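One structure is given below, encoded as structure tokens.
The values are calculated or read from the model by the stated rules, or taken from the named source; none is laboratory data. On a predicted model such as this, the values are computed, not experimentally measured, just so you know. Reconstructed Cβ throughout: ideal geometry from the backbone, glycine too, with neighbour counts over all protein chains shown. When the accessible area is computed, the model is the full protein with side chains, heavy atoms only, and any ligands, DNA or RNA have been set aside. Shrake-Rupley method; radii C 1.70, N 1.55, O 1.52, S 1.80 Å.
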Amino acid sequence: RPCALAWLRAAMGPNGGIEECALMCALVFSGLRIAGPDVGADIQQGCLRFLLATQRPDGSWPIDRDLEIAVTCYSVLALAECEEDIAAHPRLQATREWLLSKQWREEFIPLKMPPGGWSWAAPSGWPESEDTAVVLTALAHLGMSEHGSQIQLGLRWLDDMQNRDGSWSEWMRNSTMIHDGPCPGVTAHVMMAYDKHGVDASNARMARAMAYFESTQATDGSFASLWFRDNTHGTAKVLETYAELGMPDAPVAVRAATWLRDNQRRDGAWPAKTVEGPPDGGTAEETGWAVYSLLLAGESVVDDNLVRAVNWLLDNQDEDGTWRPHGVGLYYDTLYYSDDLIAHAYGLRALGRWLRCANRALGMP
């Protein structure tokens, strides 16, 4: 019992949260309460404090309190498509300093992880590979050099997390757990972070990751993604990775692009095929992922399918210029979550890329 309680205390943030998740706090509180009102009384009180503080006005709870680190980075990537030098923007300089302040600078005791990673949220989110990679990519856009000590620490953290098969999982190296195994989407983000900080595609780690992609691509050209619904995310992210590395004509990339084109809906949106998709079909998130990766891989801005996709994004904006979020993020089994800034950022990023490509085609700056 003392060891278990010590582990829980190490996993709990100063706000009483565990993974910034109401579900986790509720399960821990219930288990300890059943064991006895005095068993881990401080942990019970912390969980209860977090639950009361995060309840919505309608009485419900979100799956996660927030994804502020993740969606801040998604927003930075979207803004980078819409403006040439975002690093000089005063407000984004503050964003850069905020992101740097959220890096884990000490060992994460519950999983025995070294310092250097980032989580999806603070203060009790756990450091993991995907958001560490996304933060490093965002920081590159915000002017952070690979020579910075915090950047180097983050890159070394990712080095230590690579699996034997060349992939990356979220939390555990070489994990065989259903919900933390090797993931093409996570691996793609890590490779793009390496690329942004000067790691060449011929690097041994990158070469092993590309061999992983070659061995795990489905026969139809798609890639699964553990943390986002169905195959649009994984397939688009792998295609984006090959395009960023200057290899859009590689067989893996060509098959991925073909799958994306073949699975576009008639109305221009993605997904075309889903297992548990929303009844109205397409989503801004999946359409944004697909459009951006296809454009980056060299698809023409005047291609009929891309024009239909862009028109779908424009037609589905609300009066504020944003999009309706859908439950595309997988939390556990069939429990999905949405976040407004995932929809808004990826919708904007796709439109920003399309406009940039269109201006280039017309010879405009």
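Observations, loosely collected:
- SER60 versus ASP200: modelled label distance in nm, points set 7 Å from Cα along the beta carbon direction: 5.2
- Candidates PHE29, ALA343, VAL254 compared by Cα position along the dipole of the chain: farthest toward the positive end lies PHE29, with charges placed on Cβ.
- Note on region 201-337: semi-axes of the ellipsoid equivalent to its C-alpha gyration tensor, largest first and rounded to whole Å, are 25, 19, 13.
- Descending semi-axes in Å of region 100-252, equivalent ellipsoid built from Cα gyration tensor: 24, 18, 13
- Interchain or long-range residues, amide H under 5 Å from CYS21's placed H: ARG65
- Fully extended contour minus Cα-Cα distance, from LEU362 to ALA207, at 0.36 nm per residue: 52.1 nm
- Rel. contact order, % - alpha carbon contacts under 8 angstrom, at least six apart, region 293-365: 28
- Nearest-ten-degree value, helix 184-196 long axis tilted from longest Cα axis of the chain: 70
- Between the beta carbons of HIS147 and CYS82, assuming R0 = 25 Å, the FRET efficiency works out to 0.35 to the nearest 0.05.
- Taking every protein chain into account, the accessible area of the chain amounts to 44 square angstrom per residue (probe 1.4 Å).
- Relative to the current alpha-carbon distance between ILE178 and LYS112, full extension at 0.36 nm per residue lengthens the span by 21.7 nm.
- Cα centroid separation, region 344-361 to region 110-182: 28 Å.
- Protein accessible area in region 31-87, 1.4 Å probe - carbon and sulfur %: 54
- Computed over the chain, the per-residue total of -39500 (n - 2.57) for DSSP H runs of n ≥ 4 gives a 222 nm mean residue ellipticity of -16500 deg cm²/dmol, rounded to 500.
- Over region 2-43, the alpha carbon radius of gyration divided by the compact-protein estimate 2.2 N^0.38 Å works out to 1.06.
- Net length available on complete extension from TRP98 to SER30 is 21.0 nm, with 0.36 nm assigned per residue and the Cα-Cα distance removed.
- Solvent-accessible area, 1.4 Å probe, carbon plus sulfur percent, for region 145-242: 53
- Dimensions in Å of region 286-365 - Rg and Dmax from alpha carbons: 14.0, 48
- Alpha carbon convex hull of the chain, projected area averaged over orientations, nm²: 19.2
- Förster-model FRET efficiency, 30 Å R0, LEU48 and TRP7, C-beta, rounded to 0.05: 0.95
- Remark: spin-label model distance VAL302-ASP315 equals 2.2 nm, labels positioned 7 Å along the Cα→Cβ axis.
- For region 1-160, the Kirkwood hydrodynamic radius comes to 17.0 Å, computed from all pairs of different C-alpha atoms.
- Distance from the alpha carbon centroid of region 204-227 to that of region 1-21 works out to 35 angstrom.
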